[in-house]
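Written below as structure tokens is the structure these notes are about.
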Amino acid sequence: QKEVEQNSGPLSVPEGAIASLNCTYSDRGSQSFFWYRQYSGKSPELIMSIYSNGDKEDGRFTAQLNKASQYVSLLIRDSQPSDSATYLCAVNAGGYQKVTFGTGTKLQVIP
Amino acid sequence: GAGVSQSPSNKVTEKGKDVELRCDPISGHTALYWYRQSLGQGLEFLIYFQGNSAPDKSGLPSDRFSAERTGGSVSTLTIQRTQQEDSAVYLCASSLDADNEQFFGPGTRLTVL
């Protein structure tokens with residue numbers, strides 16, 4: 001059973017701070033990693049994908065992947081109230097296997 | 001281009017009735033997923049189609065649930081003899097292939113009275 005673990009939160013950060021969201025996974029052979037944002041009552045939307053060890057930056061978002069330690073994280077710099085949402089981590093083991101989602105971390109950015 | 005579309009957006013049915021939910025994936029996407037999400041809960045995987053391979057049905061909660069994907073494109077999720085616990089939002093997602101990011105449709109909100 002492939003597992004993807006996330007702290008359910010809520011994670012509360014003040015406006016302007018850095019929010020750090022973490023995800024661990026059980027399948028060491030996992031190949032593809034994704035972060036999605038889901039606002040209440042809406043569908044998940046893709047924020048970032050990462051495939052190689054290290055950091056990947058896109059605007060205020062940075063995804064970090066460490067395959068040796070089997071974790072992937074998402075940093076949100078200069079957090080805004082509009083970033084308040086549930087963030088879902090998704091992992092794909094490759095070989096046409098299905099993607100596995102974590103249960104999500106609820107982020108609250110306090111003005 | 002067009003994203004993933006789902007219909008209907010809302011469906012209210014009576015307990016015991018059958019329902020069909022439709023998903024139109026992004027053109028050219030070979031992978032298609034169905035998920036269920038109850039209020040305040042995470043995504044519950046239901047079924048996964050990848051190209052012409054046999055679907056992964058490991059998430060279907062009971063034999064009342066079935067899905068098909070015709071011609072590698074449109075998919076229909078059928079729930080027979082609906083129960084109140086089937087009430088949830090049903091989400092469809094597609095991806096270029098299994099290793100790529102998924103794009104979600106807007107969902108169908110199913111309410112079983």
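The values are calculated or read from the model by the stated rules, or taken from the named source; none is laboratory data. What you see is a predicted model, and the numbers here were worked out from it, not measured in a lab. Using ideal geometry, Cβ is built from the backbone for each residue, glycine included, and neighbour counts are taken over all protein chains shown. Each accessible area value is taken on the protein alone, full model and side chains, heavy atoms only, with ligands, DNA and RNA left out. Shrake-Rupley method; radii C 1.70, N 1.55, O 1.52, S 1.80 Å.
For segment B:2-72 versus segment A:89-111, the inter-centroid distance based on Cα atoms is 19 Å. Positive-end ranking of B:Thr82, B:Gly42, B:Asn52 along the dipole of chain B, with charges on Cβ about the Cα centre, is headed by B:Thr82. Plainly put, segment A:1-56 has a radius of gyration that is 0.98 times its Kirkwood radius, both from alpha-carbon atoms, as the Rg/Rh ratio.
Computed over the alpha carbons of chain A, Rg followed by Dmax gives 13.4, 44 Å. Kirkwood analysis of segment B:1-109, using all unique Cα-Cα pairs, places the hydrodynamic radius at 13.9 Å.
Counts of other chain beta carbons within 10 angstrom of each beta carbon in peptide A:93-100 average 6. Among A:30-42, A:57-69, B:52-64, the peptide with the highest mean count of other Cβ atoms within 10 Å heads the list, and the full ranking is A:30-42, A:57-69, B:52-64. Highest-first packing order for the peptide set B:2-13, A:94-105 is A:94-105, B:2-13, based on the mean count of other beta carbon atoms within 10 Å. Interface residues of segment B:39-69, defined as a loss of at least 50 Å² in heavy-atom accessible area between the chain alone and the complex of all protein chains with a 1.4 Å probe, are B:Leu43. Contact residues in segment B:85-99 by the 30 Å² criterion (accessible area, 1.4 Å probe, full protein complex versus chain alone): B:Ala98, B:Asp99. Inter-chain Cβ neighbour count for A:29-42, averaged per residue, equals 2 (cutoff 10 Å, partner chain atoms only). Here is the interface size for A with B: some 1500 Å² of accessible area buried, both sides summed, with a 1.4 Å probe. Compute the relative contact order of chain B as a whole-number percentage, counting only Cα pairs closer than 8 Å that sit 6 or more residues apart in sequence. Rounded, it is 38 percent for chain B. By the Cα gyration tensor, the protein assembly as shown has an equivalent ellipsoid whose semi-axes, rounded to whole angstrom, run 30, 21, 15 from largest to smallest.
On a 31 Å Cα-Cα criterion, which of the cross-link pairs A:Lys56/B:Lys11; A:Lys106/B:Lys17; A:Lys98/B:Lys11; B:Lys11/B:Lys57; A:Lys106/B:Lys15 come out too long? In this structure, A:Lys56/B:Lys11; A:Lys106/B:Lys17; A:Lys106/B:Lys15 lie more than 31 Å apart at Cα. Per-residue mean of foreign Cβ neighbours for B:104-112 is 2 (Cβ atoms of other chains, 10 Å radius).
The 3J(HN,Hα) values that the Karplus relation (6.51, -1.76, 1.60; θ = phi - 60°) gives for segment A:75-80 are, in residue order, 9, 10, 8, 6, 4, 10 Hz. Gly and Pro appear as x.
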